[in-house]
Amino acid sequence: MNGKLIDYIQIILLLLILLSVNHKPLKKLKLIAKRALVVSLHFCSRAIPKKRNLIVFGGENGRGFRGNTKYLFLEMRKKPQLDCVWISKNDQVVAQLNKQGYQAYKHHSPKGVYYQLRAKLVIHSHSINDDFSKSFLGGAISYNTWHGVGLKKVWGANKKTFSYKILHEKSWLKRYFGTFVVKTNQAKTNYVVSTSEAVSSYYPETFLVPESHVLQLGQVRNDVFFKETEEDLLIPEWIRQRKVIMYMPTHRNFGKLETDINLVFDFQKLNQLCVEKGYIFLVKRHMYSSGQVPSIYENIIDISEEDYDPQLLLKYSDILLTDYSSCYTDYLLLDRPVLFYSYDLTLYLQKSNQMYFNYFDVTPGPKVNDFSNLLKELKGAMEDPTSYKEDRERVLNIFYAKENQGEVLQKQVHYIEEHLLK
């Protein structure tokens, strides 16, 4: 090990000591050791030679096989000149993909580590820390498809994150050294996929990339809206053949501010309305949600534990009910009614997430904060789905440029081949 590298590691250790000021001695020591190891490995991984045709894919926080990166993986692995490997933190995902004949490995397995170290390009839907082992990706190119086009501030734009706090730290010394830790959440060169000029305007701050590395190429996962595939059959016929209201809420500060669902819904009255109008009300809750949906009502069904693709659920929904979730911006591509149940908006903005936009400016549908008004607006949407149509189109054009309001898979594949792999 040369002298410069030793000096570099010593500086990083000093940084970690300075950053770890609010922990008890033992926890502080563990944190210092962990950060020192991660930063050192991330730095050293840059020296590993990269294979020009090797692409590592991952997504869904390393836990699933769906979304933008799934479709890119399936398409690009058809090209014989490319070596496409899926990396996961989930044993079942790896086993499932291996059974189908695909290359897939656990993130900490010997082959998983090898492919991460050698990959020229990594394609992912969350951060490289969430989807892979970030320590091994310091020398790669990152192509972040992201996993939603929504309102909530994240990463470098969110005041609660480590990245934001370091980048806005008043102490120049902590800010300088802290930047080394922040950089371990990125690869050597980083790109992020956007959907419109409005969205692109806040992505450099959010993802800590230059404006030229924000690519307005759309969301591949939405291609399923515009064509029929075998995947459609994964949604049961009893959903596909019915009139559906889909309830898809987001979390409140990772479950810390959740309200029991039974306190904000009168399921008896809701079921009565659905029976009268011939709808079923499907609940697809966030994993941090609180309370149990009663199972005694025939037209209200909780499908939260089912492994249905969210985009396909949206495709077969006639009305979407949400709150602050990004799912509604995708749903606007279908031009169907959206309702916003914002019963805790003030608390959400104060304690959970800030937003890039004024909530009332970019939510094209009724916004209600109590159940009686929700029931009234649901009935209105059932009877007149064209209400708010012009407003839906206006907001759609904010979040999705015209050229990204259709299928986008092939143009993303073309960009990757022509600009990132050559």
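Whether any residue in region 46-59 is β-branched (Val, Ile, Thr), modelled with pLDDT under 65 and not assigned by TED's automatic domain parsing to the domain that holds Glu306 is what I want to check. No, there is no match, as no residue in region 46-59 is β-branched (Val, Ile, Thr), modelled with pLDDT under 65 and not assigned by TED's automatic domain parsing to the domain that holds Glu306. Taken over region 223-246, residues that are at pLDDT 95 or above and either of a type in the set (Val, Ile, Thr) or within 18 Å of the chain's Cα centre (by Cα) (or both) amount to 6. Answer yes or no as to whether Asp344 is at pLDDT below 90, surrounded by 17 or more Cβ atoms within 10 Å (Cβ to Cβ) and farther than 24 Å from Pro385 by Cβ. The answer is yes for Asp344.
At least 1 residues being small (Gly, Ala, Ser) and touching a Phe, Trp or Tyr at 6+ places or on another chain (Cβ under 9 Å) is the threshold, and among the helices (runs of 4 or more DSSP H) wholly inside region 69-144 those reaching it are 110-118.
In the set Tyr191, Tyr164, only one residue is in the same structural domain as Met76 (by TED's automatic domain parsing) and either over 14 Å from the mean Cα position of the chain (by Cα) or of a type outside the set (Lys, Arg) (or both); that residue is Tyr191. Just checking, which of Thr363, Thr322, Thr386 is among the hydroxyl-bearing types (Ser, Thr, Tyr) and touching a residue at least 40 places away in the same chain (Cβ under 8 Å)? From the options Thr363, Thr322, Thr386, the qualifying one is Thr322. Answer yes or no: is there a residue in region 173-181 that is of a type in the set (A, V, I, L, M, F, W, C) and either in the same structural domain as Val413 (by TED's automatic domain parsing) or within 19 Å of the chain's Cα centre (by Cα) (or both). There is no residue in region 173-181 that is of a type in the set (A, V, I, L, M, F, W, C) and either in the same structural domain as Val413 (by TED's automatic domain parsing) or within 19 Å of the chain's Cα centre (by Cα) (or both). In this structure, Ser326 qualifies as at pLDDT below 95, surrounded by fewer than 20 Cβ atoms within 10 Å (Cβ to Cβ) and more than 18 Å from Val264 (Cβ to Cβ).
Would you check if there is a residue in region 164-176 being out of contact with any Cys (no Cβ under 9 Å at 6 or more places or on another chain), assigned to a strand (DSSP E or B), surrounded by fewer than 20 Cβ atoms within 10 Å (Cβ to Cβ) and in contact (Cβ under 8 Å) with a residue 60 or more places away in the chain?
no
Of everything in region 105-134 that is of a type in the set (S, T, N, Q) and either surrounded by fewer than 21 Cβ atoms within 10 Å (Cβ to Cβ) or under 30 Å from Thr250 (Cβ atoms) (or both), the residue that is farthest from the chain's Cα centre (by Cα) is Ser109.
(1) out of contact with any Leu (no Cβ under 6 Å at 6 or more places or on another chain); (2) outside any loop (DSSP other than H, G, I, E, B): which one isn't true of Gly156, the others all being true? That leaves (1) as the condition not met.
The values are calculated or read from the model by the stated rules, or taken from the named source; none is laboratory data. All values reported here derive from a predicted model rather than from experimental measurement. Ideal geometry is used to build each Cβ from the backbone, glycine not excepted, and the neighbour counts take in all protein chains shown.
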